[in-house]
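A short worksheet on the structure shown next.
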Amino acid sequence: MKNFSIKKLYYSISEVSKITGLEQYVLRYWESEFEELKPQKNRAGNRIYTNRDINLILFIKRLLREERYTIEGAKQVLSTYSPSDDAPSEVQVQEPKPEKTVQTHFTFPVESSGSLSDDLMEIKRFLEDLQHRLRGH
């Protein structure tokens with residue numbers, strides 16, 4: 001995460017997206033789900049978020065993503081929550097996480113004979129033996 005010292009009264013949805021590490025559509029969806037989250041709109045109709053809104057978003061994010069609450073459960077917790085109007089002195093912008101890779105190749109105990117058909121037959125025997133062992137025969 002990068003640390004930036006940002007002291008502003010209002011933030012655009014793109015700035016809030018970077019600060020919170022959430023997509024803009026998620027922020028708009030949460031507005032429809034959580035009545036406590038109602039950013040104001042400027043003359044052009046664009047959402048403008050306050051420090052209080054950002055703190056609330058981060059709290060909702062923690063409830064849903066880290067503590068694994070359902071939306072209904074998070075709504076119940078929010079009924080007793082009072083977010084601070086003060087922004088943290090340093091706002092942390094989350095960088096996208098690299099996607100996880102999945103191992104897609106497997107190593108079979110096969111000794112290559114040089115012939116593709118022989119290698120395939122060896123793999124077939126290995127798989128049949130494995131299947132037999134898994135069935136417990």
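The values are calculated or read from the model by the stated rules, or taken from the named source; none is laboratory data. Bear in mind that the values here come from a model prediction, so they are computed numbers and not experimental data. Ideal geometry is used to build each Cβ from the backbone, glycine not excepted, and the neighbour counts take in all protein chains shown.
Modelled with pLDDT of 80 or more and not aromatic (Phe, Trp, Tyr): does that describe LYS97?
Numbers: modelled with pLDDT of 80 or more: no; not aromatic (Phe, Trp, Tyr): yes.
Answer is no for this residue.
One line per residue, one yes/no per condition, for (1) in contact (Cβ under 8 Å) with a residue 60 or more places away in the chain; (2) surrounded by fewer than 19 Cβ atoms within 10 Å (Cβ to Cβ); (3) under 18 Å from the mean Cα position of the chain (by Cα):
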{"site": "SER12", "(1), (2), (3)": "no, yes, no"}
{"site": "ILE19", "(1), (2), (3)": "yes, no, yes"}
{"site": "LEU22", "(1), (2), (3)": "no, no, yes"}
{"site": "VAL26", "(1), (2), (3)": "no, yes, yes"}
{"site": "LYS41", "(1), (2), (3)": "no, yes, no"}
{"site": "ASN46", "(1), (2), (3)": "no, yes, no"}
{"site": "LEU56", "(1), (2), (3)": "no, no, yes"}
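One residue alone among SER82, SER89 is surrounded by fewer than 17 Cβ atoms within 10 Å (Cβ to Cβ) and modelled with pLDDT of 50 or more, and that residue is SER82. Return the pair list, or none, for Cβ contacts closer than 9 Å from residues in the stretch 115-137 that are among the aliphatic types (A, V, I, L, M) to residues that are modelled with pLDDT under 80 and part of a helix (DSSP H, G or I), at least 6 apart or on different chains. Close Cβ pairs (under 9 Å, with a partner that is modelled with pLDDT under 80 and part of a helix (DSSP H, G or I)) do not exist here.
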